[in-house]
1. Is there any pair with a first residue in region B:171-185 that is under 11 Å from B:Leu78 (Cβ atoms) and a second that is modelled with pLDDT under 90 and not in a helix (DSSP H, G or I) whose Cβ atoms are under 7 Å apart and which are 6 or more apart or on different chains, and what are they?
2. Exactly one condition in (1) assigned to a loop (DSSP other than H, G, I, E, B); (2) touching a residue at least 24 places away in the same chain (Cβ under 8 Å); (3) open to solvent by less than 60 Å² (accessible area, probe 1.4 Å); (4) within 13 Å of another protein chain (Cβ to nearest Cβ) is false for A:Leu134; which is it?
3. Here are some conditions: (1) at pLDDT 95 or above; (2) surrounded by fewer than 18 Cβ atoms within 10 Å (Cβ to Cβ); (3) within 19 Å of the chain's Cα centre (by Cα). A:Leu118 meets all but one. Which one does it not meet?
4. Which ones in region B:85-110 are in a helix (DSSP H, G or I) and within 14 Å of chain A (Cβ to nearest Cβ)?
5. Quick one: count up the residues across region A:67-98 that are in contact with a Gly (Cβ under 7 Å, 6 or more places away or on another chain) and surrounded by fewer than 15 Cβ atoms within 10 Å (Cβ to Cβ).
6. Which count do you get for residues in region B:1-40 that are assigned to a helix (DSSP H, G or I) and either within 14 Å of chain A (Cβ to nearest Cβ) or at pLDDT 90 or above (or both)?
7. Hey, any hits in region B:19-26 for a residue that's over 14 Å from the mean Cα position of the chain (by Cα) and buried (at least 20 other Cβ atoms within 10 Å of the Cβ)?
8. With the checklist (1) crowded, with 18+ Cβ neighbours inside 10 Å; (2) hydrophobic (A, V, I, L, M, F, W, C); (3) away from chain B (no Cβ under 13 Å); (4) more than 22 Å from A:Asp50 (Cα to Cα) in hand, flag the one item A:Trp101 doesn't pass.
Amino acid sequence: MMRFLQRSLLFALLLVGFVSADRHPLHLSSATLVQTAKNQWVLKKTLFTDDLEEAMTTMGYEPIRLSDVAHHQAKVQAYLDAYFTLYKGSGDPKTAKPIAWTLDAPYVYDPESVHIVLRFTAKPPFQVVDGTLLSTYADQKNVYSVRKSAEGWSQHAIIDADSPSFVVQ
Amino acid sequence: MSDALSLYLELGFYHIVDIHAWDHLLFIVALMAPIPLKAWKPWLAALSAFTLTHTTAMAVQALADIPLNKSWIEWGVLATLWVTAGRVVWLKGAHQPRAKLWILAGLFGFIHGAAFWSDFAIMVPEGAFTWELWLGFTAGVEGGQLAVVAALFVLRAILEQLGWSLRDTALVLGAMCLGIALHLAF
């Protein structure tokens, strides 16, 4: 009887495991923010292609494949307009003035990742509020490295659901 | 501690201590499940060998950046899980004091190290790699690994108080790990 129970339990556990797991998902994007001249900044951001496609689809677009770069450039721009903002100073974003940025066209596509480049003029301190993919994936992390001079990386930051912004000093 | 070190320490720690991180988490559980806490030499040797080899693999990748197929690495990690959990089920949860588990752990550490590097490389913005980030991530992974082992030992102690033998606990955990590992393949 005990052997029967033991085997039943093992079978049940195997079954539970079989239906409940998913491979380790990695919801990440990475970006470098580099000051190329006085107050001139270039932000290079890499996002997983399937993650961005999923996020843009949930935003209301039809299911899209970003491989059609010319067709989707405007949609990527609209997505970033909705989820990516820069603000002057380090105070409350609700009262701070936004900083204009431009998106390079076209974005660079490969099957695994999409690379985008944003350019803007800003005097530190300023805030980066990056909500890209945060509303799609609860465990999304957007990783940043900041370089203000040739001396190396001056700042690293992680943006996630708990802290959706950071201040470039 | 610098912000870079602490940020990547956190990334490394939660890369392991993550309910979705089945692959690495279950491997550690399956590896340690049958070994009694009192038999400190076998579990310390297995854990040390795994740590040494996956850290070595990450350091080699940082220096040489050997191109590896990500899909093959994922399958390799799954294979380590099948073998380790399958072994526990095959032995019906029994601890074999003479088994040189550290050799198995050491060999599989290279595969997990390649997987850690593959994930770490995604976390580092292009051109921003520094050894400080590597150190933070690696230390975080080790911390996460120790936290999983500590949690496992606590769980086993609780179940022991409830009348479960170590062997029963190991068998149940091994079966669970094998079931999940088989599911992950499909």
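The values are calculated or read from the model by the stated rules, or taken from the named source; none is laboratory data. All of these numbers come straight from a predicted model, not from anything done at the bench. Don't worry about glycine lacking a Cβ; one is built from the backbone with ideal geometry, like all the others, and counts go over all protein chains shown. Each accessible area value is taken on the protein alone, full model and side chains, heavy atoms only, with ligands, DNA and RNA left out. Shrake-Rupley method; radii C 1.70, N 1.55, O 1.52, S 1.80 Å.
1. B:Ile180/A:Ala21; B:His183/A:Ala21; B:Leu184/A:Ala21; B:Leu184/A:Arg23
2. Condition not satisfied by A:Leu134: (4).
3. In the conditions (1) at pLDDT 95 or above; (2) surrounded by fewer than 18 Cβ atoms within 10 Å (Cβ to Cβ); (3) within 19 Å of the chain's Cα centre (by Cα), A:Leu118 misses (2) alone.
4. Filtering region B:85-110 down to residues in a helix (DSSP H, G or I) leaves B:85-90, B:101-110.
Those that are in a helix (DSSP H, G or I) and within 14 Å of chain A (Cβ to nearest Cβ): B:Ala85, B:Gly86, B:Val88, B:Val89, B:Trp90.
5. 0
6. Taking region B:1-40 and keeping what is assigned to a helix (DSSP H, G or I), we get B:3-16, B:22-32, B:40.
Going one step further and asking which of them are either within 14 Å of chain A (Cβ to nearest Cβ) or at pLDDT 90 or above (or both), we end up with B:3-16, B:22-32.
Counting residues in region B:1-40 that are assigned to a helix (DSSP H, G or I) and either within 14 Å of chain A (Cβ to nearest Cβ) or at pLDDT 90 or above (or both) gives 25.
7. Filtering region B:19-26 down to residues over 14 Å from the mean Cα position of the chain (by Cα) leaves none.
No, region B:19-26 contains no residue that is over 14 Å from the mean Cα position of the chain (by Cα) and buried (at least 20 other Cβ atoms within 10 Å of the Cβ).
8. (1)
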